[in-house]
Amino acid sequence: MLEFDSRFTVGRVTYRLLRSLKDPVAVQAAVRQILPELTTLSSKFELILQIGHRENAGHKLVSEETAIEFERSWRAEVRASPLQRLVKEWDLARILFLTKRETDPSEGPFNVDSSPELTLALLRVARSEVISQTMGAGLSADLLNSPGML
């Protein structure tokens, strides 16, 4: 009935691997090596979110100061990213929203580009498909109408 997307599966694997290090300093060092190898800002944020201290999301695998440092560095990378990179992000809406909302005053204002390319990219990633299955009524009616029932 429910299918997990690849993001969930990869997230569980990376969580287990990082948790196995059992030392916040070792996790920090591993993440410092991993982040430059990730090609999307979306994937980088997923990793930072996973190891950090955000309520209902972070597993606190590094110190709070380190998590804040990773997030600040990620926001700086978002700011420095050209439009051509941003429009390719699979979680563009969250990237822009979090960067705008969580920018520290010392980082300066974050202005979202108003280009048609970015608007189109936002609309594309915001689109989703909803699949549902009604349980109960249809199943009961089918069972009641089948031979041998009643």
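The values are calculated or read from the model by the stated rules, or taken from the named source; none is laboratory data. Worth saying up front: this structure is predicted, and the values here are computed from it rather than measured. Counting neighbours? That spans all protein chains shown, and the Cβs are built from the backbone with ideal geometry, glycine included. Side chains are part of the model used for accessible areas, which takes the heavy atoms of the whole protein and leaves out ligands, DNA and RNA. Shrake-Rupley method; radii C 1.70, N 1.55, O 1.52, S 1.80 Å.
Points worth noting:
- Its residue count N fixes a reference of 2.2 N^0.38 Å for segment 37-83, and the Cα radius of gyration divided by that reference is 1.14.
- Packing-based ranking, highest mean first, of 96-108, 27-39, 44-56 given that Cβ atoms within 10 Å are counted: 44-56, 27-39, 96-108
- Solvent-accessible area per residue, Å², over segment 69-133 with all protein chains present [probe radius 1.4 Å]: 68
- Near residue 54: Cβ cut-off under 10 Å, other residues only, Lys/Arg at +1 and Asp/Glu at -1. The net charge is -1.
- In this structure, the pairs whose alpha-carbon distance is over 26 Å, taken from 44/100; 60/88; 22/44, are 60/88.
- Legend: calculated FRET efficiency, residue 72 to residue 22, from the Cβ-Cβ distance at R0 = 22 Å, rounded to 0.05, equals 0.30.
- Accessible surface, 1.4 Å probe, highest first, among residues 9, 14, 66: 9, 14, 66
- Global geometry of segment 1-97, whether rounded, prolate or oblate, following the gyration tensor of its Cα atoms and the 1.5 cut on a/c: oblate
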